[in-house]
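A quick write-up on the structure given underneath.
The values are calculated or read from the model by the stated rules, or taken from the named source; none is laboratory data. Nothing here was measured: the structure is a model prediction, and the numbers come from that model. Positions of Cβ are backbone-derived with ideal geometry, glycine not excepted, and every protein chain shown enters the neighbour counts. With ligands, DNA and RNA removed, areas are computed over all heavy atoms of the protein, side chains included. Shrake-Rupley method; radii C 1.70, N 1.55, O 1.52, S 1.80 Å.
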Amino acid sequence: MTLVQKHDDAVEPTLNAAVLRQIRADIVACRLAPNERLRVEALRARYGVGGSPLREALMRLEVEGLVTLEQNKGFRVSPVSLEQLHDLMRTRTEIESIALRWSMEKGGVEWEADLLAAFHRLSRQKKTERGAGNAINAAWLKEHRSFHSALVAACGSPKLMSIREGLFDQAERYASLSIISKLPSRNDIGEHEQIMRAALARQVARATQLLSAHFERTTERVAKSFAGKSLAAPARTIRLRTANGKDVK
């Protein structure tokens, strides 16, 4: 269980933690698309809960940066932009590299076993669901999160892990956009295996370099999914095109 999930389960009884996690998961997987209006009535029908827990969940997600609140207009899924992407991935690379380095310094046999198991589970999953176009496989998202969490699990800093969790959710949303876009396949299992092997061998410089390169490839792919736009575009909401040719609004 992640630090964010532990916090969700410990919050006041008026907040439905399961609904919070589901809305967060739907945003990260782009089932709720960037800049999409989040009408409470529609969400009540979708998640089968009352308005109060939904509003509390949306307020939490606003704090996390996944939702925006517009005066007199209500909630929206936070928009995406190239500038946000590059800022996010630069910051994530620095934080994850520190956490990975500390984890390699402190991790023991249990950490090694957990990392091997996490990679094994991830390697058995497909990114997209069979017969569902480019719909992202929820099991892959779960195991992908677990693998990256296992890499840094022994870092020993709850504060660093908390910062990392927020950055992961933000970055995973952009990664999801690259998955649902019409781009050539990527050998991400090979990338993950190389990072794991370097980490287990305590090769700090190599592991952090491979991790940085892994994130950079993701950044490049997401940038390509901003269809028909200059990669040097200023910070603003940009339309993306999914595999079926429809724009993500």
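Considering each of 33, 45, 18 in turn, give the residue that is in contact (Cβ under 8 Å) with a residue 24 or more places away in the chain, more than 30 Å from residue 204 (Cα to Cα) and either under 19 Å from the mean Cα position of the chain (by Cα) or in a helix (DSSP H, G or I) (or both).
Exactly one residue qualifies, and that residue is 33.
Would you mind stating whether residue 111 is touching a Cys at 6+ places or on another chain (Cβ under 6 Å) and either free of Cβ contacts under 8 Å to residues at least 60 places away in the same chain or over 19 Å from residue 212 (Cβ atoms) (or both)?
no
Tell me which residues, restricted to region 175-222, are of a type in the set (A, V, I, L, M), surrounded by fewer than 18 Cβ atoms within 10 Å (Cβ to Cβ) and touching a residue at least 40 places away in the same chain (Cβ under 8 Å).
183, 189, 200, 204
Whether any residue in region 126-139 is in contact with a Leu (Cβ under 8 Å, 6 or more places away or on another chain) and hydrophobic (A, V, I, L, M, F, W, C) is what I want to check.
Taking every residue of region 126-139 in turn, none turns out to be in contact with a Leu (Cβ under 8 Å, 6 or more places away or on another chain) and hydrophobic (A, V, I, L, M, F, W, C).
Go through region 13-63 and give me each residue that's within 25 Å of residue 180 (Cα to Cα) and small (Gly, Ala, Ser).
Matches in region 13-63: 25, 29, 33, 42.
Suppose we filter region 101-129 for residues that are within 18 Å of residue 205 (Cβ to Cβ) and either in contact with a Ser or Thr (Cβ under 6 Å, 6 or more places away or on another chain) or open to solvent by 50 Å² or more (accessible area, probe 1.4 Å) (or both); how many remain?
4
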